[in-house]
Amino acid sequence: MVASPSLENERGSRSGIKRLLRFSLVGGVALYFASTLSCGGLNLGEVQPQDLCKCVPLEPPIADFRHYQKHVPIPNNMTPIETTVDTILSWPQDVIILPDAPRTGRELQVFHVAQAFLQNVSVNGEDCDVDLEISQTADRNAPRVIVETPVDSEFCSARKNIQSQLMSHGFRLDVEHGGELPQALPAEVLGMAFEDFEHNRGSGQVATLWELHPAIVNLLP
């Protein structure tokens, strides 16, 4: 039996609609996953290695404020200046900082904090730096200073060291695990002063734009 032209046209129309629906569904799913990844909806652990030294930044350097100014080695031919968290909190802040401003003044110096308390630590998936918050005392509400250990290869051992030290206290640190520590831990910090700009930075206890960045953090016994 030969199908009538109208029946063939109807079948062709239905087939075309099915192809269109399949195309729309596939495209919609692809768009959903692309949107979810770009908005941070996917677990970073699914797209990032757990090895802190192999983390791949999700944003290009151009998107990072003063990227090339803070991604530098800590000079090993400079005697560190002893300081405290409270002293860093007292440093005056500039009203405006240009996004490509070179290091000047205090930012060219290396500082050592003999004892502080580590309150919070995580890996920033955007630039892969390890972000840590320290305070003068163990009080949860004490004002804090951010210190960061960059993703740069010369800081690989420092990143793995703090990860291992935290693990010995039962705290897991990687691209999908981090945050407030169960209790503040005594630590020492070596790093260069760096002035950031006002944006969503860490917890509500962070009380200054000044950081130690780059910095190396070691837990104390």
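Where a number appears in this text, it was derived from the coordinates with a stated rule and is not lab data. Owing to the predicted nature of the structure, the values given are computational and were not obtained by experimental measurement. We place every Cβ from the backbone using ideal geometry, glycine too, and count neighbours over all the protein chains shown.
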(request) Multiply the residue gap between Asp152 and Leu220 by 0.36 nm, knock off their C-alpha separation, and tell me the result in nm, one decimal place. (result) 22.1 nm
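Order the peptides 63-69, 165-171 from the highest to the lowest mean number of other Cβ atoms within 10 Å of their residues.
Highest mean packing first, the order is 63-69, 165-171.
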(request) Kindly provide the GluC sites (Glu not before Pro) of the range 129-205 that DSSP labels as loop, not H, G, I, E or B, and whose Cβ sees at most 10 other Cβ atoms within 10 Å. (result) Glu198
(request) Work out Dmax and Rg for the range 50-219 from the C-alpha atoms and quote the Rg first, both in angstrom. (result) 14.7, 42
(message) Suppose each label sits 7 Å from its Cα in the direction of the beta carbon; what would the Tyr68-Glu126 distance come out to in nanometres?
(response) 2.1 nm
(request) Give a residue-ordered list of calculated ³J(HN,Hα) values for the range 189-196 (Karplus: 6.51 cos²θ - 1.76 cosθ + 1.60, θ = phi - 60°; whole Hz; x for Gly, Pro). (result) 9, 10, x, 9, 5, 8, 9, 8
